[in-house]
1. Quick one: helix B:69-81 against the long Cα principal axis of chain B, what's the angle to the nearest 10°, folded into 0 to 90?
2. Please check which bits of the stretch B:195-213 a label hung off residue B:155 would reach, taking the label as a point 7 Å along Cα-to-C-beta and the cut-off as backbone N under 15 Å.
3. How many angstrom lie between the C-alpha centres of the stretch B:142-184 and the stretch B:198-259?
4. Pick from A:202, A:226, A:343 the residue whose mean-square fluctuation is largest in a GNM of chain A, springs joining Cα atoms under 10 Å.
5. Roughly how far apart, in whole Å, are the Cα centres of the stretch B:93-140 and the stretch A:68-120?
6. At what distance in nm do the modelled label points of residue A:91 and residue B:222 sit from each other, each positioned 7 Å from its Cα along Cα→Cβ?
7. Quick one: angle between helix B:3-29 and the longest Cα principal axis of chain B, in degrees between 0 and 90, rounded to 10, please.
8. Only Cα pairs within less than 10 Å get springs; with that Gaussian network setup on chain A, which residue of A:133, A:171, A:92 has the largest fluctuation?
C-alpha cells in the first residue's frame, strides 16, 4: 500500500466520524433560548401585593421572562394569569401545556405565586355556530363535566407548581356568561362539578369561586346582576361548600380606597360587603383573594383618575389589604402589561407599557414595597 | 374576412360568453346578507357602544341619553344606507364589544374602536372614519418645526403615558428626545401654550379638544402615528359593509364628516 492511499483512507474515516458526530449532536435536545436563570425571591414589605399579568397571547419567551422579572422587581409576590381551556385542550383530550409551562416556570423562578384563572370554552364544547352563534364564555350544563375535566388535568399537570385556581370570570355579567341570563345557581353547579373533580385529583389545591364583577345592575337586568345579590344566591345554593376561598374584584373607579363601603356604590371597600355575606352565611374562616382591582388614569375615560391619584390610591389599597383585612390573602391589581396596545383607555390600567417602559405607578409601588418614602 | 380573422372573432365571442356566464353565476350564487335583510325589514340598525368615552360616546347627565360623535355618525350613516332607518344604541362595556357583535346583540360597533388586525378572522371592518393617533403641536411663533425630524435638541412636552410610536427610526428619535412629562395631555398642551416647552406630542383627540377651547397652538403636518377608528360588522355582513363604506366615503367627499368633526371638536 502506498502512502497516498493510506492518507486517503484516513481522510475517509475522519469524514465518516465527523458526520456521525454531527448527526449525534443534532439529536441532542437544545437548551431553551431564554433560560430560566437562577432562583429569585421577592423582597417586599407587603407579601399580599400582586398584579394580574396578561401573557396568554404573549408568544416570545423573553417577554414572559421580562414580565416576571419586572413584577418581582416591583415587589409583588402574587400573579393572576389566565389559562384558557380552548388553548390547552383544542380537541377533546388533546392537551397542550407548552405555553402554560413557560409562564408558570418563569413565574416560579422569580419567586412568584401563581393564581390560575380558568375559562374560555373551546369550539368543540359549544353549539355548532351554524345553529347558534356563541362566544367563548358560553358553556351549557351538558359540558360542565368537560370543563371540570380540564380543571382536573390542569391541577394534575401543575401539581406542586400552581396551588390556586379561579373558576370562571365574572359570571354575574351577561358578557361572561355567554350572553345568557346570569344564573348564580347554575354557576354554583359548575363550581361543584369542578371542585369535586379537582379535589379528588389534588386535595391541596385552593379552589376560588366568584370573581364577580362589581356592579349595581338589578336582578332581571340582561347585562348582569348586582354582585352582592349574586353572591348571596350562590351561598344559598351551597357554593360555600364547594370553594375554599372567594375571588373578588375590587375596582375603585373615581373613588379613593378609604371611602366606606356602601351597597349602592362600586368602590374598593365593596370587598368588605362580600366578606359580610360570607360571615352571615357561616363562612367566617373563608379567605378572600382580590384577583383584579385598581384604578385607571386615562385622561378622557369617565371612570378614570389622575395618574398621581392612581399611584397613591393603589399603594394605599395594598396597605389596607395588609393592615385592615386579615381575611384577605392577596391583593392583585389589574394589569401589569398588555402584549400590544389597545389604543384605548384599557392601556391606562397597566403598570408598564407594551415595550416594558415603567409608568410612574410602577415606581410608586416599587418604592412602597421597598419601604421607601412615597 | 380572412380565415385568421374568423378564428379571432370566434375566440373573442367564446371569451365574452364565458365571462358573462361567470359573472351571472357569481351574482346568482353570492351569499345573501341576512343581517342586512333583517335590518331593512325591521327598519332598525342596532349599534353597540361603550358610553364612557367623551366626546365620542357618553351619557348626557341632563337627559340620561347616550350621545356623542359616534351616535351622530350612526344616525347619518343609517339615513344614507337606507332612508328612514332608525338607530338603536346598545350599551356594552368596551372589552365586550366584539363578543356582543359576534353574539348578535348588535349589527355594528361604533365606539371609537381602533383597527385591530388580530380580529380580521372574526369581523370585517369599514374604512376608517377618524384618526386618533399622535400629533405634533407647536406655537406659530416657534420657528423651524415642521416635523418630527426637527425636534432634535428641542424640549417636547408629553403626558406620563407617552410611548414613542411609528417606524423604528422615528421611535428611536422620539426615545432620545429631552421630553418633559406632564400628568395629562392637556397639561402638556398648557405647558406648550405657556412657553415651557417648544413642542408637544399628544393624541389627536386631546389636541382637537384643547384647540377647541384655546387658540394659539397649531398641529404640524399629518399624525405622526395612525390610530384609525373603524366600524366592525360580522363577517357575513358583506352587503351591509358595502353600504357602510359607500356612505362613509360619500360623507368624506361631501364635507359631512368634516362638519361632524367641527361640531364635536
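1. Roughly 20 degrees, rounded to the nearest 10.
2. Flagged as within label range: B:195-201.
3. 22
4. It is A:343.
5. So the separation of the two Cα centres works out to 29 Å.
6. Computed distance between label sites residue A:91 and residue B:222 equals 4.7 nm.
7. Once rounded, the angle reads 60 degrees.
8. A:133
All of the numbers you see were taken from the coordinates with simple rules; none came from a lab. Remember, it's a predicted structure, so these values are computed and weren't measured experimentally. Positions of Cβ are backbone-derived with ideal geometry, glycine not excepted, and every protein chain shown enters the neighbour counts.
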